[in-house]
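S.K.: Structure provided below as structure tokens; questions to follow.
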Amino acid sequence: MTMHLATRMQSLRASDIREILRITQRPSVISFAGGLPAAETFPVEELKAIAGAMLEAEGAQALQYSTTEGHPPLREWIAGRMRRQGAAVSADEILVTSGSQQGLDLVVKAFLEPGDEVLCESPTYLGFIQAAQVFEPRFVEVATDDEGMRIEALEERLAGCRRPRLIYVVPDFQNPSGRRWSVPRRQGLLEVACRHGLPVLEDAPYAEVRFAGEALPSLKALDTHGQVIQLGTFSKIFCPGLRLAWIAAPEELLHRFVILKQATDLHTATFSQMLLVAYLARYDIDDAIERIREVYRRRRDAMIAALEREMPAGVRFTRPDGGLFVWVELPEGVDARALLARCLEREVAFVPGDCFFPSGGHQNTLRLNFSNMPEERIAEGERITEGVARMAGALRTLLAEAREGCKPVPAP
Ligand SMILES: Cc1ncc(COP(=O)(O)O)c(C=O)c1O
């Protein structure tokens, strides 16, 4: 029997990253490719200690269906935390989602029709490209620099749009670049969005995963016009496996997302939500976040030190003060996929940067993850130095071949 799939399926393909991750399953491979948090920081003992008591006291409720909007005490807790961070949000403006990936799905589903324009940073989060692609929009990439999206570039791109519907940004320690937007850029974006009546989708999974510097106000905190929809998540400050995240948006808009979520999965797992609420009542999550920051700061330091020591001249990389990733630009003309092919032979992996650009190009870029590697592997003499050294060796070979006029290795 031939099945007839929807036309939209023709343009969808499996993420490159998932393919690369399959190769990196072998324990001998040094992988900078994934984006997993450090499992050593997960609250395993704490959850073991409270899960039994929670089931004892509220077991039937924890295993029952619950409301689409989310477990009320969790919505209250999230809104309270957001208020302390400067955003005037009430519990009625919070929808608990199954990961912020679901938040992305619900928001693009609500806003995008085929041919509509969605503006995003260049590069942008791959999971957003995947979520939006289903609705067949036109991606409009806006140039970025170390301070974030360039506002004059945003104005220019908007002038060329016919049906702009949404601006998607990751202002804090972005995946994949590690960059954080300055406050003037945040204000500039809101001013432009307001003038054009455009909703801004602020995805903020890394805002609290900060190793240096002060917290900056979120777009949601700076927003005075109800223009910003913010996605938050417990994945990077607690653990990703419970799939707990949220959308913060004005109530009327939130209600639309609630209807869409109902159709998708009825509600986020009751058990996960109640377990988290029990954790938050008994432990100080800020202590846990501080421990996560400490671990990632050391790993970031180790990776930057290795890159500085090993990489040949002409290689540029970000020095992120938060998040999970370092963004690398190879000398012009060097193809990161060719480098990846050489690196896989040497059992080291990363993600080529071109998959973070909806319109392609930027073949000389790549993303390195530093969070998911125990330090003794990353630090001196061990796996990270070893991994970066192997990468640098492979790169030197490619550069030498290019100098000698040899054909570069074709990308696989
Ligand atoms: C920018 C960004 N948004 C959203 C997500 C999805 O996170 P989750 O669904 O675990 O909340 C990720 C995960 O890596 C991310 O990097």
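The values are calculated or read from the model by the stated rules, or taken from the named source; none is laboratory data. Computed from a predicted structure; not experimentally measured. Quick reminder, even Gly has a Cβ in these numbers, built from the backbone with ideal geometry, and neighbours come from all protein chains shown. The area values use the complete protein model at the heavy-atom level, side chains included, leaving out ligands, DNA and RNA. Shrake-Rupley method; radii C 1.70, N 1.55, O 1.52, S 1.80 Å.
S.K.: Return a single number: how many Lys pairs in the chain, at a sequence separation of 8 or more or on separate chains, have alpha-carbon atoms below 23 angstrom apart. Don't skip to the answer; put the middle values down first.
M.R.: Details: Lys48/Lys236; Lys109/Lys220; Lys109/Lys261; Lys220/Lys236; Lys220/Lys261; Lys236/Lys261.
Pairs that pass both the separation and distance tests number 6.
S.K.: Taking all protein chains in place and a 1.4 Å probe, what share, in percent, of the accessible surface of the chain do carbon and sulfur account for?
M.R.: Working: 9420 of 18300 Å².
In the chain, the share of accessible area belonging to carbon and sulfur is 51 percent.
S.K.: Still on this structure, please answer the following. What is the calculated FRET efficiency for Arg84 to Ser11, with r their C-beta to C-beta distance and R₀ = 56 Å, to the nearest 0.05? The partial results should precede the final answer.
M.R.: On the way: r = 43 Å, r/R0 = 0.76.
Approximately 0.85, to the nearest 0.05.
S.K.: Which residues does the label zone of Gln187 cover in the range 206-241, counting backbone N under 17 Å from a point 7 Å along Cα→Cβ?
M.R.: Residues passing the 17 Å test: 216-225.
S.K.: In degrees from 0 to 90, rounded to the nearest 10, what is the angle of the helix 251-265 Cα long axis to the longest principal axis of the chain?
M.R.: With rounding to tens, the tilt is 70 degrees.
S.K.: Out of all DSSP beta bridges in the chain, what portion is antiparallel? Express it as a percent rounded to 5.
M.R.: On the way: 20 of 39 bridges.
Of all bridge pairs located within the chain, approximately 50 percent are antiparallel.
S.K.: Also, quick follow-up: Roughly speaking, what % of Cα-Cα pairs in the range 149-209 are separated by over 17 Å, rounded to a whole number?
M.R.: On the way: 719 of 1830 pairs.
Above the 17 Å cut-off, the range 149-209 has 39 percent of its Cα pairs.
S.K.: Cut-off 10 angstrom, C-alpha nodes, Gaussian network model of the chain. Which of Leu104, Leu112, Leu198 fluctuates the most?
M.R.: Taking springs between Cα atoms under 10 Å, the residue moving most is Leu198.
S.K.: What's the local net charge at His196, with K and R +1, D and E -1, over the other residues with C-beta under 15 Å away? Could you put the intermediate results ahead of the total?
M.R.: Values: positive: Arg157, Arg162, Arg163, Arg165, Arg195; negative: Asp116, Glu117, Glu152, Glu155, Glu156, Glu191, Asp223.
Here the charged neighbours net out to -2.
S.K.: Using a Gaussian network model of the chain with C-alpha springs under 10 Å, which one of Ala313, Ala341, Ala110 is most mobile by mean-square fluctuation?
M.R.: Ala313
S.K.: Report the longest stretch of the chain that contains none of the trypsin sites (Lys or Arg not before Pro) sitting in a DSSP loop with at most 10 other Cβ atoms within 10 Å. Intermediate results must be reported in sequence, preceding the final value.
M.R.: Numbers: sites that count: Arg13, Arg162.
Excluding the exposed sites themselves, the longest stretch runs over 163-412.
S.K.: Counting pairs of Cα atoms in the range 60-282, how many percent are more than 24 Å apart? Numbers along the way, then the final one.
M.R.: Details: 9913 of 24753 pairs.
Pairs farther apart than 24 Å: 40 percent.
S.K.: Which chymotrypsin sites (Phe, Trp or Tyr not before Pro) in the range 242-329 pass both tests, a DSSP loop state and at most 16 other beta-carbon atoms within 10 Å? Before the final figure, lay out the partial values.
M.R.: Working: sites: Trp246, Phe257, Phe271, Tyr279, Tyr283, Tyr296, Phe317, Phe325, Trp327; in loops: Tyr283.
Of the chymotrypsin sites (Phe, Trp or Tyr not before Pro), the ones in loops of the range 242-329 whose Cβ has at most 16 other Cβ atoms within 10 Å are Tyr283.
S.K.: Measure off 7 Å from each Cα along the Cα-to-Cβ vector at Glu347 and Arg316, then give the distance between these two points in nanometres to one decimal.
M.R.: Those two pseudo-labels are separated by 3.5 nm.
S.K.: Now a separate question. Once each part is reduced to its C-alpha centroid, what is the distance from the range 316-336 to the range 125-193 in angstrom?
M.R.: 19 Å
S.K.: When the Kirkwood radius is taken over all Cα pairs of the range 296-344, what Stokes-Einstein diffusion coefficient follows at 25 °C and 0.890 mPa s, in µm²/s?
M.R.: Calculated translational D: 205 µm²/s.
S.K.: Taking the chain as the reference, fit the longest principal axis to its C-alpha atoms, fit the long axis of helix 285-310 to the helix C-alpha atoms, and give the angle between the two in degrees, 0 to 90, nearest 10.
M.R.: In the chain, helix 285-310 runs at an angle near 10 degrees to the longest axis.
S.K.: At 0.692 mPa s and 37 °C, plugging the Kirkwood radius over alpha-carbon pairs of the range 19-138 into Stokes-Einstein gives what diffusion coefficient in µm²/s?
M.R.: Working: Rh = 18.5 Å.
Rounded to a whole number, D works out at 177 µm²/s.
S.K.: Follow-up question, since we're still on this one. Once the Cα atoms of helix 44-62 and of the chain are each reduced to a long axis, what angle between those two axes, in degrees from 0 to 90 to the nearest 10, is obtained?
M.R.: 30 degrees
S.K.: How much accessible area per residue does the chain have, counting only protein heavy atoms and a probe of 1.4 Å, in square angstrom? Can you show the working numbers first?
M.R.: Details: 18300 Å² over 412 residues.
Here the per-residue accessible area is 44 Å².
S.K.: May I ask you to give the average projected area over all directions of the convex hull of the Cα atoms of the chain, in nm² rounded to one decimal? Present the calculation step by step, with values, prior to reporting the outcome.
M.R.: Working: hull surface 89.3 nm².
Average projection, Cα convex hull of the chain: 22.3 nm².
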